[in-house]
Amino acid sequence: DRKNDGNVDIFEQILSKSDGLLNFFHEELMSMAKANKKGIENNEYLNYLIEFGFAESLFEFLEEDTPTIKFTTRMIPKLPDLSRFKSLDQLIICNAKLVELPASISSLKNLGLLSLTNNSLKSLPREIGTLINLKYMNLTGNKLEDIPSDVKYLDKSNGGHLDMISVNESEIGKENYRKLKELLPTTKF
C-alpha cells in the first residue's frame, strides 16, 4: 500500500489473520532455511521465520543430544517443547524478550546451568522444582512477580544441588526476594 510508505507490519496486518498464509510462509521459509548452508547465525530465512513469529524454529536446527543451547542475540519470546533435549546441561537464553518458560523444562534432568538474563519473565513454572541437578540459575533482568514454592526442591536442604542463584531484589521486589531466601536457605545469592 503506497500510502503507508512501505511501513507495514506484514505479520500483524496480513499473516496473523490467515492460518493458511501463516502455514504456507512457515513451511516455505523453513524449507529454505534448512537448505541454506550458512548455519544458524547467518541464515536469512531463519531470520525471517523469527521476524514472522516462528522463533521456536531455531530449535529444529539443534541436535537432540546437544549439551548446550545458547542464544544471546536472537528474539525468542517463546520456547518450544524442550523435552527432546535429554542431554542438555546448559540453557542460556539472554536478551531474547522471553516471556514464558515452558513446563517441559522439567524433562531436562541433566540441566546444571540455567541463565535467562534480561528477558521478560514474570513467573517461573512450578516444574522448575524438578531440576534437582541445577547448580546455577541466573534470573537477573527479569521482573518476576510469581515464584512457585516448588523452587525449594532446588535447594540442597531438599535434595537439590543449587549452589547459586542470581536475582536482583529491586527487579523482583522485597517480598519475592525474601520468599526465595526462605525457599533456598543453603543457596548463595
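Summed over segment 88-139, the residues that are under 17 Å from F189 (Cα atoms), assigned to a loop (DSSP other than H, G, I, E, B) and within 14 Å of the chain's Cα centre (by Cα) give a count of 3. Contact map, segment 116-140: first residue at positive phi and free of Cβ contacts under 8 Å to residues at least 60 places away in the same chain, second residue of a type outside the set (G, A, S) and open to solvent by 20 Å² or more (accessible area, probe 1.4 Å), Cβ cut-off under 8 Å, separation 6 or more or different chains; pairs are N118/N95; N118/T140. Quick one: is E175 among the acidic types (D, E), open to solvent by 20 Å² or more (accessible area, probe 1.4 Å), out of contact with any Pro (no Cβ under 7 Å at 6 or more places or on another chain) and in contact (Cβ under 8 Å) with a residue 24 or more places away in the chain? Against the criterion (among the acidic types (D, E), open to solvent by 20 Å² or more (accessible area, probe 1.4 Å), out of contact with any Pro (no Cβ under 7 Å at 6 or more places or on another chain) and in contact (Cβ under 8 Å) with a residue 24 or more places away in the chain), E175 does not qualify.
Would you please name the residue that is modelled with the highest pLDDT, looking only at residues in segment 1-27 that are open to solvent by 80 Å² or more (accessible area, probe 1.4 Å) and closer than 23 Å to F61 by Cβ? Once the filter is applied, the top-ranked residue is E27.
Can R84 be described as within 23 Å of N158 (Cβ to Cβ), modelled with pLDDT of 95 or more, out of contact with any Leu (no Cβ under 8 Å at 6 or more places or on another chain) and open to solvent by 70 Å² or more (accessible area, probe 1.4 Å)? I'd like the intermediate steps shown before the answer.
On the way: within 23 Å of N158 (Cβ to Cβ): no; modelled with pLDDT of 95 or more: yes; out of contact with any Leu (no Cβ under 8 Å at 6 or more places or on another chain): yes; open to solvent by 70 Å² or more (accessible area, probe 1.4 Å): yes.
Spelling it out, it is not the case that R84 is within 23 Å of N158 (Cβ to Cβ), modelled with pLDDT of 95 or more, out of contact with any Leu (no Cβ under 8 Å at 6 or more places or on another chain) and open to solvent by 70 Å² or more (accessible area, probe 1.4 Å).
Residue-by-condition table, conditions (1) open to solvent by less than 10 Å² (accessible area, probe 1.4 Å); (2) closer than 30 Å to G173 by Cβ; (3) in contact (Cβ under 8 Å) with a residue 40 or more places away in the chain:
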residue: A33; (1), (2), (3): yes, no, no
residue: N36; (1), (2), (3): no, no, no
residue: E44; (1), (2), (3): no, no, no
residue: L49; (1), (2), (3): yes, no, no
residue: P67; (1), (2), (3): no, no, no
residue: M75; (1), (2), (3): no, yes, no
residue: P102; (1), (2), (3): no, yes, no
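When L139, L124, L116 are screened for being buried (at least 18 other Cβ atoms within 10 Å of the Cβ) and over 12 Å from I93 (Cβ atoms), only L124 passes.
The values are calculated or read from the model by the stated rules, or taken from the named source; none is laboratory data. No experiment lies behind these values; they were computed from the predicted model shown. FYI the Cβ positions are ideal-geometry reconstructions off the backbone, even for glycines, and counts take in every protein chain you see. Only protein heavy atoms, including side chains, enter the accessible area calculation; ligands, DNA and RNA are left aside. Shrake-Rupley method; radii C 1.70, N 1.55, O 1.52, S 1.80 Å.
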